[in-house]
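**Student:** Below are the structure tokens for one structure; questions will follow.
The values are calculated or read from the model by the stated rules, or taken from the named source; none is laboratory data. All values derive from a computational prediction rather than experimental measurement. Using ideal geometry, Cβ is built from the backbone for each residue, glycine included, and neighbour counts are taken over all protein chains shown.
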Amino acid sequence: MQNMSLERQKETMLELHLKGRGITNRKILKAMIEVPREEFVPQRLRRFSYKDIPLLIGYGQTISQPFTVAYSLEALDPKGDQIVLDIGTGSGYQAALLGMLCKRVITIERIPELAERARHTIRMLGYNNIEVIVGNGVLGYERYAPYDRIICAAATESLPIAWEEQIVDGGIIVFPKNAGVRQRLVRVTRNEDSFNEEILGDFSFVPLVNS
């Protein structure tokens, strides 16, 4: 019965909250249907897996609502031959989606317990092109730089210098910037030594852990 309910929720998510709100990238829509969001949320909240709401995952963190994730991914425009740095692993859900959309994902999480939980879920589901790292996302992850794309699911005050240094020329960075009580999702495109910023809209994100 619960599985049937989740399937109905998934269809509602797809038609009403994704397609109905302007998400058009077919590969992203396919990934949103195929990646089991219920595996990335606590057992007690699984019945809400495909509701268009954020869900608590512990340690003061959340898994973002499906529309926010899809919108961020569409802004990022990941390609199948690219390497992506995912800042703020959280549950691992966004990393799993990216794993279906690009060649390789390096995802970094500051909270060790969340990183281990995400690593376990990702391995259990068989995504073998995703590496989970415990570290400070503000510093990026230099080992595999430069990256074709960088995406962050937690709000920061400004674009960290490390991200500027670790993105390829022509690469795209998508992240939420603090703007009062809410955050503005921004897309930054590198053009040689300049970084062109585009404001995409207001959303709500948890702050990026930087300590």
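**Student:** Can you confirm whether the range 175-186 contains a residue that is surrounded by 21 or more Cβ atoms within 10 Å (Cβ to Cβ), within 16 Å of the chain's Cα centre (by Cα), closer than 16 Å to GLY137 by Cβ and at pLDDT 85 or above?
**Tutor:** There is at least one residue in the range 175-186 that is surrounded by 21 or more Cβ atoms within 10 Å (Cβ to Cβ), within 16 Å of the chain's Cα centre (by Cα), closer than 16 Å to GLY137 by Cβ and at pLDDT 85 or above.
**Student:** Here is a further query. Taking the stated definitions as given, is ARG110 closer than 28 Å to GLY80 by Cβ and either of a type in the set (Lys, Arg) or surrounded by 15 or more Cβ atoms within 10 Å (Cβ to Cβ) (or both)?
**Tutor:** Against the criterion (closer than 28 Å to GLY80 by Cβ and either of a type in the set (Lys, Arg) or surrounded by 15 or more Cβ atoms within 10 Å (Cβ to Cβ) (or both)), ARG110 does not qualify.
**Student:** Give the range 113-135 a look and list any residue that's of a type in the set (D, E, K, R) and either surrounded by 19 or more Cβ atoms within 10 Å (Cβ to Cβ) or closer than 22 Å to LEU29 by Cβ (or both), or say none.
**Tutor:** Filtering the range 113-135 down to residues of a type in the set (D, E, K, R) leaves 113, 116-117, 119, 123, 131.
Of everything in the range 113-135, those that are of a type in the set (D, E, K, R) and either surrounded by 19 or more Cβ atoms within 10 Å (Cβ to Cβ) or closer than 22 Å to LEU29 by Cβ (or both) turn out to be ARG117, ARG119.
**Student:** Taking ASP52 and the conditions (1) farther than 26 Å from ASN129 by Cβ; (2) among the charged types (D, E, K, R); (3) touching a residue at least 40 places away in the same chain (Cβ under 8 Å); (4) surrounded by 14 or more Cβ atoms within 10 Å (Cβ to Cβ), which numbered condition does it fall short on, given that it satisfies the others?
**Tutor:** Failed condition: (3).
**Student:** Being of a type outside the set (Val, Ile, Thr) and over 16 Å from THR189 (Cα atoms) is the filter here; which residues of the range 60-85 pass it?
**Tutor:** The initial filter retains those residues of the range 60-85 that are of a type outside the set (Val, Ile, Thr), namely 60-61, 64-67, 70-82, 85.
If the condition is that a residue be of a type outside the set (Val, Ile, Thr) and over 16 Å from THR189 (Cα atoms), then GLY60, GLN61, SER64, GLN65, PRO66, PHE67, ALA70, TYR71, GLY80, ASP81 are the ones that fit.
**Student:** Okay, next question. Within the bounds of the range 123-143, is there any residue that is among the β-branched types (Val, Ile, Thr) and under 17 Å from LEU76 (Cβ atoms)?
**Tutor:** yes
**Student:** Moving on. Name the helices (runs of 4 or more DSSP H) wholly within the range 1-106 that hold at least 2 residues that are charged (D, E, K, R)? So that I can check it myself, show each step before the final result.
**Tutor:** On the way: elements: 2-12, 26-34, 66-76, 93-101.
Fully inside the range 1-106 and qualifying: 2-12, 26-34.
**Student:** If you don't mind, another one. Does ALA153 satisfy the criteria of being within 16 Å of the chain's Cα centre (by Cα) and either closer than 27 Å to ILE53 by Cβ or not aromatic (Phe, Trp, Tyr) (or both)?
**Tutor:** Criteria met by ALA153.
**Student:** Does ALA115 meet the test of being within 15 Å of ILE63 (Cα to Cα), without any contact (Cβ under 8 Å) to a residue 60 or more places away in the chain, not acidic (Asp, Glu) and not in a loop (DSSP other than H, G, I, E, B)?
**Tutor:** Values: within 15 Å of ILE63 (Cα to Cα): yes; without any contact (Cβ under 8 Å) to a residue 60 or more places away in the chain: yes; not acidic (Asp, Glu): yes; not in a loop (DSSP other than H, G, I, E, B): yes.
When the stated conditions are applied, ALA115 passes them.
**Student:** Okay, moving on. Of the residues GLU11, GLU34, GLU7, GLU39, which single one is loosely packed, with under 15 Cβ neighbours inside 10 Å and under 17 Å from the mean Cα position of the chain (by Cα)?
**Tutor:** GLU34
**Student:** Out of the residues in the range 136-158 that are over 22 Å from CYS102 (Cα atoms) and touching a Lys or Arg at 6+ places or on another chain (Cβ under 8 Å), state the one that is surrounded by the fewest Cβ atoms within 10 Å (Cβ to Cβ).
**Tutor:** The qualifying residue surrounded by the fewest Cβ atoms within 10 Å (Cβ to Cβ) is SER158.
**Student:** Oh, and also: What number of residues in the range 118-129 are assigned to a helix (DSSP H, G or I) and not aliphatic (A, V, I, L, M)?
**Tutor:** Qualifying residue count for the region: 4.
**Student:** Please find, within the range 86-112, the residue that is nearest to GLY58 (Cα to Cα) out of those that are of a type in the set (A, V, I, L, M) and in contact (Cβ under 8 Å) with a residue 40 or more places away in the chain. First the steps, then the outcome.
**Tutor:** Here is the first cut: in the range 86-112, the ones of a type in the set (A, V, I, L, M) are 87, 95-98, 100-101, 105-106, 108, 111.
Next, only the ones that are in contact (Cβ under 8 Å) with a residue 40 or more places away in the chain stay: 87, 96-98, 100-101, 106, 111.
Details: ILE87: 17, ALA96: 19, LEU97: 21, LEU98: 22, MET100: 26, LEU101: 27, ILE106: 22, ILE111: 10 Å.
Looking at the filtered set, the residue picked out is ILE111.
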